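The values are calculated or read from the model by the stated rules, or taken from the named source; none is laboratory data. Since the structure is predicted, the reported quantities are computational estimates derived from the model, not experimental observations. Heads up, the Cβs are rebuilt from the backbone with ideal geometry, glycines too, and the neighbour counts pull from every protein chain shown.
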Amino acid sequence: MEFILSKFNYLMYIAMMMIGFYAMIAKHNLVKKVIGMNIFQAAIILFYISIGAKKGATIPILEGGEHHAISPESIQVAHYINPLPHVLMLTAIVVGVSVTGVALALIILIYRRYKTIEEDEILRRLS
């Protein structure tokens with residue numbers, strides 16, 4: 001039980017991913033598919049941010065200016081949080097918002113042409 005509680009956040013990310021994956025695969029409404037894609041993306045972003053965090057660590061900013069010389073030997077890398085996952089996820093958020101905007105614009109165009117956003121109905125009209 002302790003093991004499950006210690007990995008609770010990872011279990012929540014997996015649950016979110018499966019909800020988003022289910023929405024993308026099982027739903028036939030195009031807007032619901034886009035919402036599922038956003039839920040899936042949010043789970044991945046939360047996962048990457050959580051693996052970049054450490055207990056008891058600090059931000060990777062060295063204090064001291066030109067008056068206080070800091071030698072590379074005195075820097076303890078293990079005491080700092082890795083900023084790379086956080087920076088990459090900021091980029092992923094921007095890309096995700098852009099993809100969502102384009103997807104919704106395409107859904108509007110599909111609706112104007114076929115008068116529906118149900119995938120089955122669109123496929124039936126195409127065949």
Hey, T116 outside any helix (DSSP H, G or I), modelled with pLDDT of 95 or more and over 22 Å from K7 (Cα atoms) or not:
yes
Can you pull out the residues in the range 106-127 that are of a type in the set (V, I, T) and over 11 Å from H28 (Cβ atoms)?
I107, I108, I110
Restricted to the range 54-89 and to residues being within 21 Å of Y10 (Cα to Cα) and surrounded by fewer than 12 Cβ atoms within 10 Å (Cβ to Cβ), the residue modelled with the highest pLDDT is V87
Return the pair list, or none, for Cβ contacts closer than 6 Å from residues in the range 91-115 that are more than 12 Å from V34 (Cα to Cα) to residues that are of a type in the set (V, I, T) and in a helix (DSSP H, G or I), at least 6 apart or on different chains.
A92/I45; Y114/I122
Checked pairs for the range 11-29, first under 20 Å from I51 (Cβ atoms), second surrounded by 13 or more Cβ atoms within 10 Å (Cβ to Cβ) and modelled with pLDDT under 95, C-beta under 7 Å and 6 or more apart or across chains, list as Y13/L46; Y13/F47
